[in-house]
Amino acid sequence: MPRIFLSYRKPDSRWMRNRVYHALSDRLGADEIFKSGQSIPPGADFAEILRRQAAECELMCVLIGPGWLDALGEDGVRLLDRAHDWVRLEIATALRAGNRVVPVLLGDATMLPDASALPAEIAELAHLQFLRVPETHLPDGLAHLGGSVIALLSDADAAVEPGRGAAPAAGPEPSTTMTAHVSGGGSAYQAARDQTIRPA
């Protein structure tokens, strides 16, 4: 299951979006990145896959270029204002699941949208700390993005498995073992932590 979901609007900043995808794939491996155009096989139920991946990812990067907010459909209606808009559904699904969502601003001048400009179910996006990939310093920006994503995934690993790497405690006393299952903030992955209670 890919850990990172790239949410994007197809007509928006296509060449920068592709650079982001390839930069992250080079750092983390293509299997760790979900990008609908690359990751959904022919004949698969794309709606089901998109919903499941958005709900189960550890990190969603919302790629926002200059045309992301105000993109219009053929009928002249703003795409974000449609309840069935896939970008809107992806973000809302990840937020409801409690997954980490990071806006990634593409270009030097792209601004994070105001909450008032977003549908209520994704208005939280306006208050989330963003990352920027500037066009004028693209290699440095992509390197910074890759490092930041790796750090966020490492933080998630540490939170899910707080005892990983610790040496087991030794002792002759008899013990009882209890297993507590900790939910990963609404995501599909879980961690089990063994707690040992020793008799007085």
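The values are calculated or read from the model by the stated rules, or taken from the named source; none is laboratory data. Being a predicted model, the structure only gives us computed values, none of them experimental. A quick note on method: Cβ atoms are made from the backbone with ideal geometry, for glycine too, and the neighbour counts reach across all protein chains shown. Surface accessibility is based on the protein's heavy atoms, side chains included, excluding ligands, DNA and RNA. Shrake-Rupley method; radii C 1.70, N 1.55, O 1.52, S 1.80 Å.
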request  = Give the residues of region 1-43 that are in contact with a Phe, Trp or Tyr (Cβ under 7 Å, 6 or more places away or on another chain), in contact (Cβ under 8 Å) with a residue 12 or more places away in the chain and of a type in the set (A, V, I, L, M), sorted by residue number.
outcome  = Ile4, Leu6, Ile33
task = Please state which one of Ser25, Ser116 is part of a helix (DSSP H, G or I), out of contact with any Cys (no Cβ under 7 Å at 6 or more places or on another chain) and under 23 Å from His137 (Cβ atoms).
result = Ser25
task = Name every residue in region 90-121 that is under 14 Å from Glu56 (Cα atoms) and free of Cβ contacts under 8 Å to residues at least 40 places away in the same chain, in order of residue number.
result = Ala92, Leu95
ask   = Just checking, how many residues over region 78-92 are over 16 Å from Glu124 (Cα atoms) and open to solvent by less than 20 Å² (accessible area, probe 1.4 Å)?
value = 1
ask   = What is the number of the single condition among (1) in contact (Cβ under 8 Å) with a residue 24 or more places away in the chain; (2) surrounded by fewer than 18 Cβ atoms within 10 Å (Cβ to Cβ); (3) more than 18 Å from Asp81 (Cβ to Cβ) that Glu124 does not meet?
value = (3)
query = Listed residues Asp70, Asp75; which is open to solvent by 20 Å² or more (accessible area, probe 1.4 Å), assigned to a loop (DSSP other than H, G, I, E, B) and either basic (Lys, Arg) or in contact with a strand residue (DSSP E or B) (Cβ under 8 Å, 6 or more places away or on another chain) (or both)?
reply = Asp70
ask   = What is the residue count in region 93-113 for residues that are open to solvent by 20 Å² or more (accessible area, probe 1.4 Å) and either assigned to a strand (DSSP E or B) or among the polar types (S, T, N, Q) (or both)?
value = 2
note = Taking region 1-22 and keeping only residues that are surrounded by fewer than 17 Cβ atoms within 10 Å (Cβ to Cβ) and not in a helix (DSSP H, G or I), one is left with Met1, Lys10, Pro11
query = Is there a residue in region 47-58 that is crowded, with 18+ Cβ neighbours inside 10 Å, touching a residue at least 60 places away in the same chain (Cβ under 8 Å), of a type in the set (D, E, K, R) and not in a helix (DSSP H, G or I)?
reply = yes
query = Is it true that some residue in region 176-189 is under 19 Å from the mean Cα position of the chain (by Cα), at pLDDT below 65 and either assigned to a strand (DSSP E or B) or among the basic types (Lys, Arg) (or both)?
reply = yes
request  = Just one of (1) at pLDDT 95 or above; (2) under 19 Å from the mean Cα position of the chain (by Cα) trips up Leu79, so point out which.
outcome  = (2)
